[in-house]
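A quick write-up on the structure given underneath.
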Amino acid sequence: MSADETRKVFRFAPSPNGYLHLGHAYSALLDFDLARREGGRFLLRMEDIDKGRARPELEAAIYEDLAWLGVVWETPVRRQSEHSADYAAALDQLVALGLLYPCVCSRADIAGVSRERDLDGAPLYPGTCRGKGLARDGANLRLDMAKAAALVGGEVSWREHGKEIIAAPQQWGDVVLARKDIGTSYHIAVTVDDALQGVTDVVRGRDLYEATRLHRLLQELLGLPAPAYRHHALVLDGDGRKLAKSRASEPLRDLRAEGATPADVRAMLGLP
Ligand code: GLU
């Protein structure tokens, strides 16, 4: 094994839909510091599959803000918008396993009939289109969760802070894995990319903890390795309290314009 193969691989994966704020700075710096401390590699990935929202000037602003913070990443940066073939191949694999079905229900259709909630608090999909054999054109593709869980068998779990967490992905129900507008989904793109980029350690916010239940299931179904996960608290000030929402969402460029330094940002976030 080469020295490179034994090194851990970390990544920061922002979506260029807005300016980076203090919450992003916390995530990026924590991730970058960990990579440094562990002698690992640090990658940056642009999660720009949502073509309606991603903007090139916001991507440029992300590079500028991260460099200002002192974060150093490997190039080239992987831009998800350039890799739709990889996501299509993963979806094809799931189709071949008989795990995906087209769904034409609108949000309103689902809200009208669903009594339960998924882990995002959205109405749980009741399976209306499952087994109908609808055409794929113009439809979303959903995962047949019961079938997928049965295929994987046994319990899916992940390691976090040395503990084994049971994934229990069934709580998500039949999630959409390919949106009709973009042909893929965050869940597919993130799972495929983490594997293709050899990511060994996913460090991200607590807001994505529940999504990991699904990502672990997808890794099992697609035969991909499972990284270690670390979900950090959302944004803390120096005393370990949550920053006021207005403060946490303050764009880094505004702080910079007000004269803040990268050291000030670290101090605000309680980072060394
Ligand atoms: N692109 C996602 C976001 O901006 C993060 C994805 C991840 O870290 O897994 O929230």
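Listing for the model above:
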| read-out | value |
| --- | --- |
| Potential extension, residue 6-residue 179 segment - 0.36 nm per residue separation minus Cα distance | 58.6 nm |
| Selection from 121, 12, 23 lying farthest towards where the dipole of the range 1-146 points positive, charges on Cβ | 121 |
| Which of 114, 27 has the fewest Cβ neighbours within 10 Å, and the rest in rising order | 114, 27 |
| Given charges at beta-carbon only (K, R positive; D, E negative), |dipole| of the chain in Debye | 440 debye |
| Computed magnitude of the charge dipole of the range 1-112 (debye, nearest 20; Cβ of K, R +1, Cβ of D, E -1) | 160 debye |
| Between helix 84-96 and the chain: long-axis angle, C-alpha atoms, 0 to 90°, nearest 10 | 30 degrees |
| Relative intensity, log₁₀ I(q)/I(0), of the range 124-264 from a Debye sum that treats every alpha carbon as a point, q = 0.21 Å⁻¹ | -1.28 |
| Cβ-based charge dipole, the chain, positive-most Cα from 162, 110, 227 | 110 |
| The chain - share of DSSP beta bridges that are antiparallel (%, nearest 5) | 50 percent |
| Charge dipole magnitude, Cβ of K and R +1, D and E -1 - the range 76-125, Cα centre, debye nearest 20 | 120 debye |
| Under the Debye formula (equal points on every Cα, no solvent term), log10 I(q)/I(0) of the range 76-160 at q = 0.15, 0.25 Å⁻¹ | -0.77, -1.23 |
| Quotient of Cα Rg and 2.2 N^0.38 Å for the chain, N being how many residues it contains | 1.06 |
| Reachable aspartates and glutamates, given that their alpha-carbon falls under 18 Å from the alpha-carbon of residue 8 and they are not under 8 places away in the same chain | 31, 33, 38, 74, 160, 193, 194, 201 |
| Sorted by Cβ density within 10 Å, fewest first, the residues 188, 62, 110 | 110, 62, 188 |
| Nearest-ten-degree value, helix 56-69 long axis tilted from longest Cα axis of the chain | 40 degrees |
| When each of 51/132; 132/180; 147/180 is checked by Cα-Cα distance, pairs over 25 Å | 51/132 |
| Label-point separation, residue 197 to residue 233 (7 Å along Cα→Cβ), nm | 2.7 nm |
| Pair residue 253, residue 79: separation of 7 Å Cα→Cβ label points (nm) | 1.7 nm |
| Packing-based exposure ordering (other Cβ within 10 Å, fewest first) of 6, 212, 191 | 6, 212, 191 |
| In degrees, nearest ten, helix 186-196 long axis to first principal axis of the chain (Cα) | 70 degrees |
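Taken together, the values in this text are just the output of simple stated rules run on the coordinates, not laboratory data. These figures come from a predicted structure and were not determined experimentally. Here Cβ is always computed from backbone atoms with ideal geometry, including for glycine, and neighbour counts include all displayed protein chains.
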